[in-house]
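Shown next, in C-alpha cells, is the structure this report addresses.
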Amino acid sequence: MTQPDDQERVIRRAVCPGSFDPVTNGHIDIISRASQLFDEVVVAVGVNKNKSRGRLFTAEERISMLEKVCADFPNVTVASFEGLLTTFCEERGIGAIVKGLRAVSDFDYELQMAQMNSSLVDVETVFIPTSPEYSFLASSLVKEVATFGGDVSSLVPADVLTLLTARLAERAREQDE
Ligand code: ADP
C-alpha cells in the first residue's frame, strides 16, 4: 500500500563526472556503488573542446562505451556536459557529485574542487574509496600500458578492450605513414 509520504519523497540524484577515455573497471566499480546509494545516477562525460585533441576516443565514442557498460544498472544514465559541472547539477536537480578516491594523492585536488563546487551551488561531494584492486587504475595508465602491448584485459570491459586495441593499432599505423 502506498503511504502518503511516498509521493513527497525526494529523489536523490548524483552525478559521476569524468572524461572516461576510456571507461575502466575502476570507474564501473564507483558507478555501481553510487547506484546503490542514490535513486538516480548520471554518468557525465566532460566535453572540453580544448582538450579533445588529446583524447583517444571522441565524446560520442566514450558515451557509447559507457551506455553499454551501464546498461546493467537500471537507475544509471549517461550524458555529456560542457562547461561547469555545477551548472549541469543545477539544471538537472542533482544534489551530489560522486568521486572515487584512489590514494591520498587524489585527495588534495578533490577536496579543493569539492569546496569550490559547494561554494558555487548547493551541491555535496561524496567520496567513495576505491576498491583496493583498482587503486592503481587510471585511464591514462591503461592507454600507456596497452600502447606498448601490455595486457590490460583485467582492467577494462571486454568491449572496451576491443575498441582500445583497434584504436591503438590505427594510431600506430598513422604514425608509421
Ligand atoms: P578525469 O579525467 O576527470 O581525471 P577520469 O575519467 O579519469 O576523470 O575519472 C573520473 C572519475 O572516476 C575520477 O574523478 C575518480 O573519481 C573516478 N575514478 C577514476 N579511476 C578510478 C579508479 N581506479 N577507482 C575509482 N574511481 C576512479
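The values are calculated or read from the model by the stated rules, or taken from the named source; none is laboratory data. Predicted model, so just to flag it, every value in this text is computed and none were measured. Neighbour counts run over all protein chains shown; Cβ positions are idealised from the backbone, glycine included. Only protein heavy atoms, including side chains, enter the accessible area calculation; ligands, DNA and RNA are left aside. Shrake-Rupley method; radii C 1.70, N 1.55, O 1.52, S 1.80 Å.
For the chain, the spread of Cα positions along the three principal axes, ordered from largest to smallest, is 66, 38, 30 Å. Rounded to the nearest 10 degrees, the angle from helix 25-37 to the longest Cα principal axis of the chain is 10 degrees.
Heavy atoms of the protein chains alone define the surface here; on that basis the chain has 61 Å² accessible area per residue at 1.4 Å probe size. Stretched out straight at 0.36 nm per residue, the stretch from SER52 to GLU67 would grow longer than its current Cα-Cα span by 3.4 nm.
Taken along the Cα-to-beta-carbon direction at a fixed 7 Å, the label points for LEU101 and PHE136 span 2.2 nm.
To the nearest 20 debye, what is the magnitude of the charge dipole of segment 1-120 about its Cα centre, counting +1 on the Cβ of each Lys and Arg and -1 on the Cβ of each Asp and Glu? Let's see the in-between values first.
Details: 13 positive and 17 negative charges, 87 e Å.
Its charge dipole is roughly 420 debye.
Taken along the Cα-to-beta-carbon direction at a fixed 7 Å, the label points for GLU124 and GLU8 span 2.0 nm. Note on LEU111 and GLU60: their simple-model spin labels are 4.3 nm apart, each label 7 Å out from Cα toward Cβ.
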